[in-house]
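The values are calculated or read from the model by the stated rules, or taken from the named source; none is laboratory data. Keep in mind that what you see is a predicted model, and the values were worked out from it rather than measured. We place every Cβ from the backbone using ideal geometry, glycine too, and count neighbours over all the protein chains shown. Note: accessible area is taken over every heavy atom of the protein model, side chains too, but ligands, DNA and RNA are not part of it. Shrake-Rupley method; radii C 1.70, N 1.55, O 1.52, S 1.80 Å.
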Amino acid sequence: MSKKILLDVKNLKLYFRTRSGSVQAVDDVSFRLEAGKTLAVVGESGCGKTSLAKAILRLLPRNISTYSGSIIFDGEDIMKYSDEKFRREIRWSNIAMVPQASMNSLNPVMRIEDQLIEPLLLHDRHMSKKKALDRVNEVFNIVGLPTDFLRRYPFELSGGMRQRATIAMALASNPKLVVLDEPSSALDLLTQANLMNVLKKIKHEFNTTFILITHDIGTASELADEIAVMYAGEMVEFSSADYFYTDAHHPYSRKLMASVPTLREDKELQFIPGQPPSLINPPQGCRYSARCEKRFEKCSMHPKTTELEHGAQVKCWLYDETGEVKHA
Amino acid sequence: MPNVAVNLPQEQPEQEVPVLRVENLHTWFEIRRMGFIKAGVVRALDGVSFELYQGETISIVGESGCGKSTLAKTILGIHHPTKGAIYFENRNLSDLDKQGWKKYRSSVGYIQQDPYGALPPFMSVQRILEEPMKINGISNKKEQAKRIRQVMEEVKLAPIEDFLYKFPHMLSGGQQQRLVIARAMILGPKLLIADEPVSMLDASVRVEILQLMQGLQKKHNLGIIYITHDLSTVRYFSERIFSMYGAKIIEKSATKALLKQPRHPYTQALFEATSDPDAENLKSFKEVPTGEPPSLMNPPKGCRFHPRCSKIIKGLCDKEMPPEFKINEEQGAACWLYKEDE
């Protein structure tokens, strides 16, 4: 039985134009995501995680120099849509986003319910206000907030509740894909754990597809079926979570895993010396090679993406075309 | 009576004087309306006591608003305690004169959470490191240069010449944090207070900074108070863990014992809420208390955690504040569950 691919991104590029040159924020990223699964995009700050999300939603700043590739969403190449069509048919109605620190993005002088019904009314002109309110009530229940809070103003809610309200807002239009950008990093530990429970419940009950962008590999494991590791604008590894957490392939992913402190298990922590390269003039070869312990001659050339046996993809010369480990 | 204050393990000989002793410390902030009408009091710190010995690291864990940072700032003398006392090497801070405070401040280093916010953007690295020496009367240029060189080597901002004339914005996050540590170390402190020193940094850099602090501690036999909300970093770092909730310390445990078995229901919840990277996490829900931490203006009666606690003893937890109970040699918790049967 073939599973339904909801999102198929091919050779996506997003470069920004700046005074000192073109910033390659997302460089040749390809991946596929099945319906109902969650992809966690992890990586250090400045590796292009958020830019990837923005490229998928076409939320672009003005200084774009390159924006190319194909994004096939639900069978249609949405890169070919005009801006107006994209806005009307895709953004928010089919792909919703919860931006970073979104709990502070609510309008302070509007009641929560008025903000939540706004996207519904805008996207569906035939929807009555009453119907929109019913739907908002429904999603408020889903995220576990009391519905009388709808009449409140944002400042009357705590951080965790506001974060849930923005998630409710993203879910209200019943999108097929929800992009969550660091949904829990500004929250307290217990609030964060509660929020992850809510997201997990939504995932199980409604079979929603999520893209979760985070720097916290521990929290990512709460929700992720697939893990994508980004480094300096490139996706260096894409693997199912089962394999990733036990046996990551790319040397960078391994180091990243080794640098995460664990609570329940005693392990020797490692750190990655050096810094990621500048995205303005990234090195010709593998972008991680300057910090990599397993560097060899071939690394001065740009690595190809290799598919391994259980569907994982790695951008590293240690693995050749057949997926065999070389030089390890 | 079982209500005995916990004497935590002290490997040190009896006569040794703790570097820092905090006794029943309260820091309250008055809330005023329109500038003069008293509207209430925020009890940001409500009765905290502990001792810290030379060469020891204590971690203080808790969520935002539990009083962790107020504790740090009160010890640093930024806030003045409403009640209680702080003893530094057996001298009460409230007895210090101006000169004494100056000396005290030069022997306590402070590492801030946000390195970029903590460094003045218009000063070069050299000036940032000279500043504390100027203030504390080290005016000899040679001595200054020698200390700068030494401290920058210690925090591995090398080669030194590459960094001296740079400004904070030219440094990466990790380098900025190392500069903050260098500045805290330059006067040769005995005690370091690190308020979430790694929470703004990337995972790969985090470990580097923690190991650096550990190295400095061993070398200079420093006492460190490490404040964090992240339980998973403490195991690599500290000998004892205090967990704070609602302006009070509710558990004091040796790190190893706590990691084996956290005692207070709140510490247990923190433990449960921390996710280790493991694909198994996907399959189960976390059992964590819902709700919010208490208001410190109007804290609940009895144990401050009781409205969220799953192990509440009705009629006791919501009536009376639990004292600290000693559970064993290494652990103590302010929770009625550990009241000994009489």
* Asked: Does residue A:306 satisfy being open to solvent by less than 30 Å² (accessible area, probe 1.4 Å) and free of Cβ contacts under 8 Å to residues at least 60 places away in the same chain?
  -> yes
* Yes/no for residue B:122 being of a type outside the set (D, E, K, R) and farther than 27 Å from residue B:214 by Cβ -> yes
* Asked: open to solvent by 10 Å² or more (accessible area, probe 1.4 Å) and in contact (Cβ under 8 Å) with a residue 40 or more places away in the chain: does that describe residue B:211?
  -> no
* Output the residue which, of all residues in the range B:240-272 that are among the basic types (Lys, Arg) and within 12 Å of chain A (Cβ to nearest Cβ), is surrounded by the most Cβ atoms within 10 Å (Cβ to Cβ). => B:256
* Which one is most open to solvent (accessible area, probe 1.4 Å), of the residues in the range A:232-259 that are among the hydroxyl-bearing types (Ser, Thr, Tyr) and more than 17 Å from residue A:274 (Cβ to Cβ)? -> A:246
* **Set B:284, B:275, B:310: member being within 11 Å of chain A (Cβ to nearest Cβ) and open to solvent by 50 Å² or more (accessible area, probe 1.4 Å)** => B:284
* What helices (runs of 4 or more DSSP H), lying completely within the range B:95-208, carry at least 1 residues that are open to solvent by 30 Å² or more (accessible area, probe 1.4 Å), more than 30 Å from residue B:84 (Cα to Cα) and of a type outside the set (Phe, Trp, Tyr)? -> B:115-118, B:125-135, B:141-154, B:160-164, B:173-185
* Structure fact -> Considering the range A:260-301, residues that are surrounded by fewer than 17 Cβ atoms within 10 Å (Cβ to Cβ) and in contact with a strand residue (DSSP E or B) (Cβ under 9 Å, 6 or more places away or on another chain), and then whichever is farthest from the other protein chains (Cβ to nearest Cβ), we arrive at A:281
* To do: Filter the range A:206-258 for residues that are among the β-branched types (Val, Ile, Thr) and over 24 Å from residue B:205 (Cβ atoms) and give the result.
  => A:208, A:209, A:211, A:246
* Within the range A:197-213, which residues are open to solvent by 10 Å² or more (accessible area, probe 1.4 Å) and within 12 Å of chain B (Cβ to nearest Cβ)? -> A:197, A:198, A:201, A:203, A:204
* Keeping to the range B:247-267, report how many residues are within 16 Å of residue B:322 (Cβ to Cβ) and either of a type in the set (Val, Ile, Thr) or in contact with a Leu (Cβ under 7 Å, 6 or more places away or on another chain) (or both). => 5
* Is there a residue in the range B:174-185 that is of a type outside the set (Lys, Arg) and at the interface with chain A (Cβ under 10 Å from one of its Cβ atoms)? -> yes
* Would you be able to say whether some residue in the range A:228-239 is touching a residue at least 60 places away in the same chain (Cβ under 8 Å), within 14 Å of chain B (Cβ to nearest Cβ) and at positive phi? => yes
* To do: Filter the range A:154-185 down to residues that are without any contact (Cβ under 8 Å) to a residue 12 or more places away in the chain and open to solvent by less than 10 Å² (accessible area, probe 1.4 Å), then give me how many there are.
  => 0
* Structure fact -> Okay, strands (runs of 3 or more DSSP E) sitting entirely in the range A:18-109 with 3 or more residues that are of a type in the set (Ser, Thr, Tyr) and closer than 27 Å to residue A:287 by Cα, I get A:64-73
